[in-house]
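The values are calculated or read from the model by the stated rules, or taken from the named source; none is laboratory data. Because the structure is predicted, anything quoted here is derived from the model rather than measured. Cβ placement follows ideal geometry from the backbone for every residue including glycine, while neighbour counts extend to all protein chains displayed. Protein only, heavy atoms only, side chains kept; ligands, DNA and RNA dropped before computing areas. Shrake-Rupley method; radii C 1.70, N 1.55, O 1.52, S 1.80 Å.
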Amino acid sequence: MAGIYGILLVDNNIKNVYKRFYNSCFESSNKEEINYKGFSFGRSVLKKFEEDRFLFENDDFIICFEGINHSTKKKPSDFIEEYKSKGNKFINDLRGNFSGFIFEKLNEELTVFTDTLASKSIYYFFDEKFGFAFASEMQVLSKLLRENGISINYDYDGIYSLALYGQMFKNYTIVKEIKRLSYGSVIQFSNKENRLHKSKYYTFKKETENISKEEIIDSIDHLMVNAINKEWKKVTLSLGKKFQI
């Protein structure tokens, strides 16, 4: 399981948070952390598809992308250029299964995002007194909060949802103070203003169309073949081979 995180809590002194992720004990993991003005950003991820995944810092930004990127913008410099040009709207152009964040040092503004299906989970905490933190594993975030003296409580709506339906709806989790970032969503946290803003860049819309069963089958078949072909090309290219269905 991949692990990314960001900690902008008041008086946080906990470092090397990447050690708390499940895959941190694997030798085949990239484990790194960037510390800036008391903030911590890091990751613990397996060494796969490294041409897509990165944690990057320069004088102005700290950027992380975790997952599979099928878009043409892959390098940190591409992300910075797109962010400067389009702001958060550049996320609309990304394709794949991913999550990530961009921290703008000058304004101390953090943007956290996930893909259109939230296939890479992001859990977050915000309190005007304590600040903001997020992680891709809830147990990492909940333990971090407790070690910073922040009390957490059960969220019975989330627990009942999990027990009755086998999943948690909306942004519920089993911890009241921790929420899950919804699909196609972006969180923006301003440290200077101590303000959190959530928005969606993608929503599912129901559309009715009169087509035959044969057309439906052909369309599904076409989409499935294209998806499988794209995934296998990604895998084989990472192995230095060529593959085509």
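Summary of computed values
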read-out	value
Residue within the range 218-238 that is farther than 21 Å from A135 by Cβ and in contact with a helix residue (DSSP H, G or I) (Cβ under 9 Å, 6 or more places away or on another chain) present	no
Qualifying positions in the range 59-73 - under 22 Å from A135 (Cα atoms) and not β-branched (V, I, T)	F61, C64, F65, E66, G67, N69
Qualifying position, being small (G, A, S), in contact (Cβ under 8 Å) with a residue 24 or more places away in the chain and farther than 24 Å from D11 by Cβ, among S77, S142, S71	S71
Test: residue in the range 80-95 that is more than 25 Å from K31 (Cβ to Cβ), among the β-branched types (V, I, T), in contact (Cβ under 8 Å) with a residue 24 or more places away in the chain and buried (at least 20 other Cβ atoms within 10 Å of the Cβ)	yes
Residue that is nearest to S77 (Cα to Cα), among those in the range 5-54 that are β-branched (V, I, T) and either open to solvent by 30 Å² or more (accessible area, probe 1.4 Å) or touching a Gly at 6+ places or on another chain (Cβ under 7 Å) (or both)	I34
Residue within the range 122-140 that is open to solvent by 10 Å² or more (accessible area, probe 1.4 Å) and part of a helix (DSSP H, G or I) present	yes
Tally, over the range 153-203, of residues that are assigned to a loop (DSSP other than H, G, I, E, B) and in contact (Cβ under 8 Å) with a residue 12 or more places away in the chain	20
R53 being touching a strand residue (DSSP E or B) at 6+ places or on another chain (Cβ under 6 Å), within 22 Å of V186 (Cβ to Cβ) and basic (K, R)	yes
Tally, over the range 26-65, of residues that are under 14 Å from the mean Cα position of the chain (by Cα) and under 26 Å from V10 (Cβ atoms)	7
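Residue-wise test of (1) modelled with pLDDT of 95 or more; (2) in contact with an Asp or Glu (Cβ under 6 Å, 6 or more places away or on another chain); (3) under 25 Å from I102 (Cβ atoms); (4) surrounded by 10 or more Cβ atoms within 10 Å (Cβ to Cβ).
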position: I159; (1), (2), (3), (4): no, no, no, yes
position: F169; (1), (2), (3), (4): no, no, no, yes
position: I178; (1), (2), (3), (4): yes, no, yes, yes
position: E193; (1), (2), (3), (4): yes, no, yes, yes
position: K213; (1), (2), (3), (4): no, no, no, no
position: D218; (1), (2), (3), (4): no, no, no, yes
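Condition check ((1) at pLDDT 95 or above; (2) in a helix (DSSP H, G or I); (3) closer than 28 Å to Y22 by Cα) across all residues:
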| residue | (1), (2), (3) |
| --- | --- |
| G42 | yes, no, yes |
| D52 | no, no, yes |
| F56 | yes, no, yes |
| I63 | yes, no, yes |
| G67 | no, no, yes |
| N88 | no, yes, no |
| N92 | no, yes, no |
| I102 | yes, no, yes |
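Yes/no per residue for (1) touching a residue at least 40 places away in the same chain (Cβ under 8 Å); (2) more than 15 Å from the chain's Cα centre (by Cα); (3) under 15 Å from I178 (Cα atoms):
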residue: N97; (1), (2), (3): no, no, no
residue: F101; (1), (2), (3): yes, no, no
residue: E109; (1), (2), (3): yes, yes, no
residue: Y124; (1), (2), (3): yes, no, yes
residue: E128; (1), (2), (3): yes, yes, yes
residue: A135; (1), (2), (3): yes, no, yes
